[in-house]
Amino acid sequence: MLVGKVAKGKQCDVKGCDKPAVRSLQKAVTANSGLDLTGQDRVYLCKEHYKVVKKSLKKERTITKWRYMTSGF
């Protein structure tokens, strides 16, 4: 018995991509990734597009981390 849309074969929500999705994320999380997305609340991404989103999230987290770092001066 398959549970979840990814397991049932949901397609990637990036316009022009017809590959099967491997992950789903909230649309607010993927907003700054620069991808043209079609999902409403959740976005389903293939392996390649998830990699792009993951890189942009890492950059955002690094910048946020730097912002809250204390200087030793």
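The values are calculated or read from the model by the stated rules, or taken from the named source; none is laboratory data. Keep in mind the model is a prediction, meaning the values are calculated, not measured. Please note: Cβ atoms are built from the backbone with ideal geometry, for glycine as well, and neighbour counts cover all protein chains shown.
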- line: (1) part of a helix (DSSP H, G or I); (2) under 16 Å from VAL6 (Cα atoms); (3) among the β-branched types (Val, Ile, Thr) all hold for VAL43 apart from (1)
Exclusive hit being surrounded by 13 or more Cβ atoms within 10 Å (Cβ to Cβ), modelled with pLDDT of 90 or more and closer than 22 Å to LEU57 by Cα, set VAL22, VAL6, VAL29: VAL22
- line: Going through segment 39-67 in order, the residues found to be under 16 Å from ASP18 (Cα atoms), loosely packed, with under 15 Cβ neighbours inside 10 Å and β-branched (Val, Ile, Thr) are none
